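Scroll down for the structure; my scribbles are underneath it.
The values are calculated or read from the model by the stated rules, or taken from the named source; none is laboratory data. Quick caveat, the model's predicted, so the values are computed rather than measured. Every residue, glycine among them, receives a Cβ derived from its backbone with ideal geometry; neighbour counts consider all protein chains shown. In case anyone asks, the SASA skips ligands and DNA or RNA and just uses the protein heavy atoms, side chains included. Shrake-Rupley method; radii C 1.70, N 1.55, O 1.52, S 1.80 Å.
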Amino acid sequence: MSTPTPPPERQSAYPHQTPPTPPPPPAPVADPTMVYPAAVQPAQPVQPVVPVQPVAAVPSGPSVDAGRYWAGVVATALVTALIGLVGVLIVDQILDIELVVKDIFGTESTGAAFVVGGVLSSVLAGGLLHVLVLSTPKPRAFFGWIMFLATLTAALLPLTWTDVLESSIASGLVNAVIGIAIWTLLLGVLSRTLRPGTLVD
């Protein structure tokens with residue numbers, strides 16, 4: 001026996017019957033052989049950023065700024081000339097110790113002989129150091145040994161020029177101070193006039 005259908009004007013009095021909800025469709029099974037778009041790919045681990053080490057610039061020209069270097073050599077020669085004058089003033093004039101010197105340039109003056117000798121020694125040592133930097137693998141080491149032996153020789157030579165021990169020792173001390181000044185000043189000049197990126201031992 002079927003249920004009678006009420007007229008339209010009275011249908012609101014009856015409970016509303018809703019049709020049953022159909023079950024949801026089953027979730028699709030992921031295919032392992034399928035290639036997924038980049039948006040759904042698993043996140044890759046972030047690689048650490050390695051800082052790039054700066055590469056030292058290699059000088060394209062000469063390893064020494066020749067203009068500034070030789071200006072330093074001239075300044076060194078001026079210092080050694082003044083050392084010679086001060087040495088003569090202190091030893092010869094104040095302490096009254098006669099200095100002995102080989103006046104090979106005929107200056108006929110002890111002070112002038114020390115001045116000329118100091119200037120020429122500075123120029124020769126500056127040229128030697130410049131050549132060593134351009135041509136040898138360890139210019140500082142070679143220059144140090146050459147200057148050490150040259151200074152020692154200049155300090156000992158007055159002992160062979162006179163039998164007066166006081167005069168020979170005083171002359172040797174002045175020569176030694178001049179040699180040490182040339183040695184240290186020229187190495188300092190070289191350090192300040194090397195091109196960027198130049199390594200000199």
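Among the residues of region 74-81, at least one is within 30 Å of LEU165 (Cβ to Cβ), modelled with pLDDT of 65 or more and either in a loop (DSSP other than H, G, I, E, B) or small (Gly, Ala, Ser) (or both). Of VAL100, VAL88, VAL79, VAL73, all but one fail to be touching a Pro at 6+ places or on another chain (Cβ under 8 Å) and touching a residue at least 40 places away in the same chain (Cβ under 8 Å); the exception is VAL100.
Keeping to region 144-163, report how many residues are aromatic (Phe, Trp, Tyr) and touching a Ser or Thr at 6+ places or on another chain (Cβ under 9 Å).
Within region 144-163, residues that are aromatic (Phe, Trp, Tyr) and touching a Ser or Thr at 6+ places or on another chain (Cβ under 9 Å) number 1.
Condition check for THR160 on (1) farther than 16 Å from GLY118 by Cβ; (2) modelled with pLDDT of 95 or more; (3) of a type outside the set (Lys, Arg): one failure, at (2). In region 91-145, what residues are among the β-branched types (Val, Ile, Thr) and in contact with a helix residue (DSSP H, G or I) (Cβ under 7 Å, 6 or more places away or on another chain)? VAL91, ILE97, VAL100, VAL101, THR107, THR110, VAL115, VAL119, VAL123, VAL133, THR136 - these are the residues of region 91-145 that are among the β-branched types (Val, Ile, Thr) and in contact with a helix residue (DSSP H, G or I) (Cβ under 7 Å, 6 or more places away or on another chain). Consider region 102-148 and keep the residues that are more than 24 Å from the chain's Cα centre (by Cα) and of a type in the set (D, E, K, R). The one that is surrounded by the most Cβ atoms within 10 Å (Cβ to Cβ) is ASP103.
From the list THR153, THR193, which residue is open to solvent by 70 Å² or more (accessible area, probe 1.4 Å), polar (S, T, N, Q) and under 35 Å from the mean Cα position of the chain (by Cα)?
None of the other options fit; the residue is THR153.
Out of GLY117, GLY111, GLY126, GLY67, one residue alone is assigned to a helix (DSSP H, G or I) and modelled with pLDDT of 95 or more. It is GLY126.
Within region 140-161, the set of residues being assigned to a helix (DSSP H, G or I), farther than 11 Å from GLY179 by Cβ and either touching a Cys at 6+ places or on another chain (Cβ under 6 Å) or of a type in the set (Phe, Trp, Tyr) (or both) comprises PHE142, PHE143, TRP145. Within region 129-139, the only residue that satisfies the criterion of being of a type in the set (S, T, N, Q) and either in a helix (DSSP H, G or I) or under 14 Å from ALA176 (Cα atoms) (or both) is SER135.
For ILE169, are the conditions met, namely being open to solvent by 80 Å² or more (accessible area, probe 1.4 Å), over 28 Å from GLY67 (Cα atoms) and out of contact with any Lys or Arg (no Cβ under 7 Å at 6 or more places or on another chain)? Spelling it out, ILE169 is indeed open to solvent by 80 Å² or more (accessible area, probe 1.4 Å), over 28 Å from GLY67 (Cα atoms) and out of contact with any Lys or Arg (no Cβ under 7 Å at 6 or more places or on another chain). Within region 165-194, residues that are farther than 15 Å from VAL79 by Cβ and β-branched (Val, Ile, Thr) sit with their Cβ atoms under 6 Å from residues that are open to solvent by 10 Å² or more (accessible area, probe 1.4 Å) and assigned to a helix (DSSP H, G or I), at 6+ positions apart or across chains, in these pairs: THR193/ARG68.
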